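Down below is the structure, laid out as structure tokens.
The values are calculated or read from the model by the stated rules, or taken from the named source; none is laboratory data. Since we're looking at a predicted model, the values are computed, not measured. All Cβ positions, even for glycine, are placed from backbone atoms using ideal geometry, and neighbour counts span all protein chains on display. Protein only, heavy atoms only, side chains kept; ligands, DNA and RNA dropped before computing areas. Shrake-Rupley method; radii C 1.70, N 1.55, O 1.52, S 1.80 Å.
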Amino acid sequence: MMKNNTWLLALLAFHLSLFTPMSAQDKLFSLEDLNYGGNNYHRMQPKDLFLTWWGEKLVNTDVEECYLIDTKTGKKELLFTLDDINTWAKSDDVKYVRHLMNATFPYPDKPIVAVGNRKAFILVDFEAKKIVWQDSISGQDANDWNPQSRATAYVEDHQLFVVDSHGQKYQLSTDGSREIVYGQSVHRNEFGINKGTFWSPDGTKLAFYRMDQQMVADYPQVNIFPREATYEPDKYPMAGMTSHQVTVGVYDLNTQKTVYLQAGSPIDRYFTNIAWSPDSKTVYMFELNRGQNDCRLVSYNAETGAKIAELYRETSDKYVEPQNPILFLPWDHSKFIMQSEKDGYNHLYLFDHSGKELKQLTKGPWVVISVVGFNTKTQSILILSNEADLRQKNLYAVNIKSGKRTLLGRNIGVTRSAELSASGQQVFLKLSAPDCPRIIDVVNTNNGRQTELLNAEDPWKDYRQPIFTNGSIKAADGVTDLFYRMVKPHDFDASKKYPTVVYVYGGPHAHNVDASWHWASRSWETYMAQKGYIVFILDNRGSENRGRDFEQATFHQLGQIEMQDQMKGVEYLRTQPYIDMDRLGVHGWSFGGFMTISLITNYPDVFKVAVAGGPVIDWKWYEVMYGERYMGTPENNPEGYAKVSLISKAKNLKGKLQIITGYNDPTVVPQHCLSFLDACIKAGTQPDFFAYPGEEHNMRGHASVHLHERITQYFEDYLK
């Protein structure tokens, strides 16, 4: 009887096994998992830590607690809680602080934490357990607070205000409007500009932008959501047309007076990378002509606005593009560091305060990607560069006196962020590698010793993951190495043929392939691989972090060199027996949308299906700063504009093309898409078109999930 029961139980177990759920590694992805607008996206991201420095002490700022972290052992100790802060902050103005993730510690030697909400910004002494200062006037939107003077600069109803440490409010402008813009980013965020107010080191003076755009044409955006659609235009200076005029003011908190820098006429000029001298007496900025081929570093008296001197000048037969303000040495205020591509790669140069170049600090066929800060003890500057590998981004210490470079931290992938302690003797690094989603280390910048705080497990470990590979091919010049990423289905079989999509961007100031997790693969590529596609991504000439000549190869002919390189990628795909060349698609967004339509109309017998998002169609409809840097003006480069325009290519369309745009895109305005549709109507070709009402250049929130499902479905319908 026992034997019979055993046999029956075994048979039952076998049949049940046929209906059991998928194994731990067999879960399938959805766009709710993979897309940043998805409902499950946050659960699919690697674990992270919110960190900041309190002098030389490292603090983990969690949602409801702040912990001290021992930088030698990684051990955590509770510092205070959210309940503590809200108990100590007994004020009707403060109401409640909702989380501590954005808490900062502005004074290295004082037990003071800065926290806030939209109603107030407060400093809490967490040893004395009380508020020691608060600003309940300016709120928390677009503020620029100086810890030395405790003054705040902010914009309200188009006007620029300053609130001093005593709560006294000063109005710096009276004519602010949609057309006269104060204290905000100018020149459409080009030239490294991302803000509009700049406090002096001592916090007594505020440099700020004033942008007059009355003379700039309006682009007629429309808000369709009211009962009667309303006219909501954007100021949009197109290439070759009238641009805005920018001036720089300096407000003195002590005298309550404003002077403007005497830089001369602002017409057809760009002012960028504003910096202060350590003594708060001098303002520095780079000044660029409209042609963007003549760049000058100029100093001004902050009290009078008078020009002091032109310290440096750099010209080019193509363009000069300043991206970073000068930095004075903390231990020697008579010297500063400047970044330049003048030797072909972005490197550091040491100058004295009179503008005399003392020496080049870094040199080689690699680029300084960013400056992290200084180590005052070793008198070194900390940088992120791709010296070790062009696909990586690593931390180096560069000794100012000797020029010796020392690699700090792990040489395994891409450092996503690096933040120095007050003295620069410690740094926490967040990095990833192709097979590692996130590592967080604390590194001693004096001796290189490191402590691992986090090595995140793979959040996708229970899912069927694609195969991510990386390699290089030669560019169309036969010399330059170009890096690619290929994403294959998890059950890839080299004996089969797969439909393949080329994902492309290809424009300046961006790259697609590096040595971060999954070789920097976008989550949508995983979704496509799960559906049985191969996705191929190549960084062509014109993209970033490969030096001046690599990027400037596309000058005055955007899309042409890039297409030549992308077609070298196609040649490589043709040599792979598992690529079905009869089912080749292409997809990209923005500059990538321009590249997508360029490829399917210039090579109509190669690409069968394309999805172009937010595409530039003709560069004469793009903005002045970006467009003229790379293409000149339609007047001085008419052949170039005509050659790269996609209007004349509408007649070449053979395959299936879907164009997608945000209906209220302020970056690549809808005139591009609509003009191409008009050209297709006239030529008798048949693209498809989809617009997202109310959306801008990139779909926000859950609309992004809808977008990527639409993109996917188009390939499913016409390529697979």
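Computed over protein heavy atoms with a 1.4 Å probe, the accessible surface of the chain works out to 43 Å² per residue. When you restrict to C-alpha pairs under 8 Å that are six or more residues apart and normalise by the size of the chain, the relative contact order lands at 9 percent. Protection proxy ranking of 490-499, 153-162, 474-483, by the mean of other Cβ atoms within 10 Å over each peptide's residues and highest first, is 153-162, 474-483, 490-499. Taking label positions 7 Å along the Cα-Cβ direction at both HIS42 and ASP688, the computed distance is 3.4 nm, reported to one decimal. Quick one: go through region 575-596 and flag any residue whose amide nitrogen is under 17 Å from the point 7 Å out along the Cα-to-Cβ line of LYS497. From region 575-596, the list is 575-585.
Greater than 25 Å separation of Cα atoms is the criterion. Which listed pairs, LYS57/LYS90; LYS497/LYS531; LYS430/LYS461; LYS235/LYS682, meet it? Could the numbers behind the result be given before it?
Working: LYS57/LYS90 27 Å; LYS497/LYS531 14 Å; LYS430/LYS461 21 Å; LYS235/LYS682 30 Å.
Cα-Cα > 25 Å for LYS57/LYS90; LYS235/LYS682; rest within.
I need the shape label for the chain. Rule: rounded when a/c is under 1.5, else prolate if a/b > b/c, else oblate, with a, b, c from the alpha carbon gyration tensor. Here the chain falls in the oblate category.
Each part reduced to its alpha carbon centroid, region 425-483 and region 352-412 end up 20 Å apart. Computed from the C-beta positions of LEU78 and ASP352, the FRET efficiency with R₀ = 56 Å rounds to 0.70.
The GluC sites (Glu not before Pro) found in region 414-519 that occupy coil by DSSP, while having at most 16 further C-beta atoms within 10 Å, are GLU457.
For LYS95, give me every one of the lysines with a C-alpha distance below 18 angstrom, ignoring sequence neighbours fewer than eight places off in its own chain. By straight Cα distance, LYS95 reaches LYS119, LYS129, LYS130.
Would you give the gap between the C-alpha center of region 232-308 and the C-alpha center of region 616-647, rounded to a whole Å? Measuring centre to centre over Cα atoms gives 27 Å. Rounded, prolate or oblate for region 289-348? Axes are the square roots of the Cα gyration tensor eigenvalues, ordered a ≥ b ≥ c, and the cut-off for rounded is a/c under 1.5. Verdict is oblate for region 289-348. Computing FRET efficiency as 1/(1 + (r/R0)^6) for THR469 and LYS110, where r is the C-beta to C-beta distance and R0 is 41 Å, gives about 0.20. Figure legend: label point modelled 7 angstrom from the Cα of ALA229 along Cα→Cβ; residues of region 653-675 with amide N under 14 Å from it are 663-665, 670-671, 674.
By how many nm would the segment from ASP212 to GLN713 lengthen if fully extended, with 0.36 nm per residue of separation less the alpha-carbon distance?
Working: separation 501, 0.36 × 501 = 180.36 nm, distance 4.53 nm.
Computed gain between ASP212 and GLN713 is 175.8 nm.
Estimated at 0.36 nm per residue, the fully extended path between ALA306 and HIS490 surpasses their Cα-Cα distance by 59.7 nm. Mean sequence separation of contacting Cα pairs (under 8 Å, at least six apart), scaled by the length of region 518-594, corresponds to a relative contact order of 18 percent. Cut-off under 12 Å on the C-alpha distance; same-chain residues fewer than 8 positions from LYS356 excluded. Which aspartates and glutamates are left, in chain and number order? Here the aspartates and glutamates satisfying the reach criterion relative to LYS356 are GLU310.
Straightening the chain between MET241 and HIS706 buys 163.8 nm, computed as 0.36 nm per residue apart minus the Cα-Cα spacing.
Pull up the cross-link candidates among the aspartates and glutamates for LYS656, meaning alpha carbon to alpha carbon under 13 Å and not fewer than 8 places away within one chain. Straight-distance partners of LYS656: ASP605, ASP688, GLU716, ASP717. The modelled label-to-label distance for the pair LEU28/THR575, using points 7 Å beyond Cα in the direction of Cβ, is 3.6 nm. Report the FRET efficiency, 1/(1 + (r/R0)^6), for GLU452 and PHE126, where r is their Cβ-Cβ distance and R0 is 35 Å, rounded to 0.05. Efficiency, rounded to the nearest 0.05: 0.80. Sorted on the mean count of surrounding Cβ atoms within 10 Å across their residues, most packed first, peptides 107-118, 350-361 read 107-118, 350-361.
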